[in-house]
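Note sheet for the following structure.
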Amino acid sequence: MKIQGATKENYQELISVWESSVRATHDFLPEKKIAELKTVILEQYFDSVDLFCLKNSNEKILGFIGVADSKIEMLFVAPDYIGQKFGQTLTEYAINNLAASKVDVNEQNPNAIGFYHRMGFIQAGRSAFDGMGNPFPLIHMKLNLI
């Protein structure tokens, strides 16, 4: 396994990982919202973050993380690899190499909230709407630097 910077050439594979991961973990998102997000992510979000992917020895992308302004903006692992510490590997990379110390997590995704708790994040706030104004509450978390 290796972590490396993602490029535009990786975007189609990344969006495929994103979509399959979202379908496996974000059951609260309606189909229309997934389609909308897919377009926005491809056209805007990938370019707005420092984007890194985790690849296996065959160069297949198993997961990726995007960080901007010390905040994890996206972390997705292909469903077949969830629970194999790839999310942990990417998060530790972001903390140690990209100064990541914050993350927003969908309130309807308790597994993700639990994951970030295990990674050392604590709740620092809550918003009733996501960053696009949709009624998907967010839990704002920060790294607990004791």
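The values are calculated or read from the model by the stated rules, or taken from the named source; none is laboratory data. Just so it is clear, the model here is predicted, and its values are computed rather than measured. Cβ coordinates were reconstructed from backbone atoms using ideal geometry, including for glycine residues, and neighbour counts include every protein chain displayed.
If only residues of the range 3-24 that are polar (S, T, N, Q) and surrounded by fewer than 18 Cβ atoms within 10 Å (Cβ to Cβ) are counted, the one that is modelled with the lowest pLDDT is SER20. Could you please let me know if THR89 is more than 23 Å from ILE3 (Cβ to Cβ) and assigned to a helix (DSSP H, G or I)? It is false that THR89 is more than 23 Å from ILE3 (Cβ to Cβ) and assigned to a helix (DSSP H, G or I). The residue pairs whose first member lies in the range 71-100 and is free of Cβ contacts under 8 Å to residues at least 60 places away in the same chain and surrounded by fewer than 18 Cβ atoms within 10 Å (Cβ to Cβ), whose second member is assigned to a loop (DSSP other than H, G, I, E, B) and not hydrophobic (A, V, I, L, M, F, W, C), and whose beta carbons are closer than 6 Å, counting only pairs six or more residues apart or on different chains, are ALA99/SER70.
As a summary of the residue check, THR39 satisfies the conditions (1) in contact with a helix residue (DSSP H, G or I) (Cβ under 9 Å, 6 or more places away or on another chain); (2) exposed (fewer than 15 other Cβ atoms within 10 Å of the Cβ) except for the one numbered (1).
Here SER57 fulfils each of the conditions (1) outside any helix (DSSP H, G or I); (2) surrounded by 17 or more Cβ atoms within 10 Å (Cβ to Cβ); (3) of a type in the set (S, T, N, Q) apart from (2). Screening the range 105-126 for residues that are in contact with an Asp or Glu (Cβ under 8 Å, 6 or more places away or on another chain) and assigned to a strand (DSSP E or B) and picking the one that is modelled with the highest pLDDT gives ARG126. For the range 114-139, the set of residues classified as crowded, with 17+ Cβ neighbours inside 10 Å and without any contact (Cβ under 8 Å) to a residue 40 or more places away in the chain consists of PHE115, TYR116, MET119, PHE121, LEU138, ILE139, listed by residue number.
Per the conditions (1) within 11 Å of the chain's Cα centre (by Cα); (2) farther than 19 Å from LEU143 by Cα; (3) assigned to a helix (DSSP H, G or I), the sole criterion not satisfied by GLU36 is (1).
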